[in-house]
Amino acid sequence: MKSFALLTLAASAIIFFISNQGRGDEKSNASCELAKVNWISAKEVQVDMTEYQFNPAEINLSKCQPYLLKLSNRGQKGHDLNSPGFFKSIIAKDERSERIETYPFDEIDVGVGKQASLLFVPMTKGKFNFKCDKFGHAAHGMKGTISVID
Ligand SMILES: [Cu+2]
């Protein structure tokens with residue numbers, strides 16, 4: 001029993017080591033000094049949603065800078081901005097508290113006539129595709145890209 005526990009411990013230590021190694025690049029790429037982020041100075045990024053497009057559809061951001069993404073649904077149907085890759089790569093801040101955390105969802109859903117906002121810092125550079133995940137909307141052109149540069 002005792003040796004089994006030790007073996008398990010050794011095995012998980014190895015797994016931990018391997019997964020840390022594998023994430024080495026991602027980790028160095030993700031180094032933003034969050035304590036130094038001036039959230040008050042967040043740059044506003046306004047994106048309008050209609051049938052069937054995002055305006056703008058090309059969004060350019062800089063890594064480690066704070067942004068306030070504002071989504072406005074000015075259409076007649078419900079829309080969302082879906083981008084699992086992008087949302088995994090940001091750190092978001094609750095606008096009403098000091099809580100800073102990863103964004104746990106793949107998308108932001110915006111009802112007809114509604115607005116949604118997200119205060120965040122892009123943590124990794126890269127090009128991320130986004131789309132509206134409502135049935136048929138992306139096929140009608142409701143998609144775009146977010147480019148994050150250094
Ligand atoms: Cu849509």
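The values are calculated or read from the model by the stated rules, or taken from the named source; none is laboratory data. The model shown is predicted, which means the values in this text are computed figures rather than measured ones. For neighbour counting, all protein chains shown are included, and Cβ atoms are generated from backbone atoms with ideal geometry for every residue, glycine included. All accessible areas refer to the heavy atoms of the entire protein, side chains included, with ligands and DNA or RNA removed. Shrake-Rupley method; radii C 1.70, N 1.55, O 1.52, S 1.80 Å.
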Scanning region 35-56 for residues that are touching a residue at least 40 places away in the same chain (Cβ under 8 Å) and open to solvent by less than 30 Å² (accessible area, probe 1.4 Å), the one farthest from the ligand (Cβ to nearest atom) turns out to be Val37
Exercise for the section: Report whether or not Gly141 is at pLDDT 95 or above and farther than 28 Å from Ser31 by Cα. Expected result: yes
The correct count of residues that are open to solvent by 20 Å² or more (accessible area, probe 1.4 Å) and modelled with pLDDT of 95 or more in region 94-110 is 4
Restricted to region 63-77 and to residues being assigned to a loop (DSSP other than H, G, I, E, B) and among the polar types (S, T, N, Q), the residue most open to solvent (accessible area, probe 1.4 Å) is Gln76
Scanning region 29-43 residue by residue, the ones that are in a helix (DSSP H, G or I) and either modelled with pLDDT of 90 or more or over 18 Å from the mean Cα position of the chain (by Cα) (or both) total 6
Subset of region 111-150, residues more than 11 Å from the ligand (Cβ to nearest atom), crowded, with 16+ Cβ neighbours inside 10 Å and among the charged types (D, E, K, R), comes to Lys125
- Task: Check region 44-61 and report whether any residue there is hydroxyl-bearing (Ser, Thr, Tyr) and either under 16 Å from the mean Cα position of the chain (by Cα) or at pLDDT below 95 (or both).
- Result: no
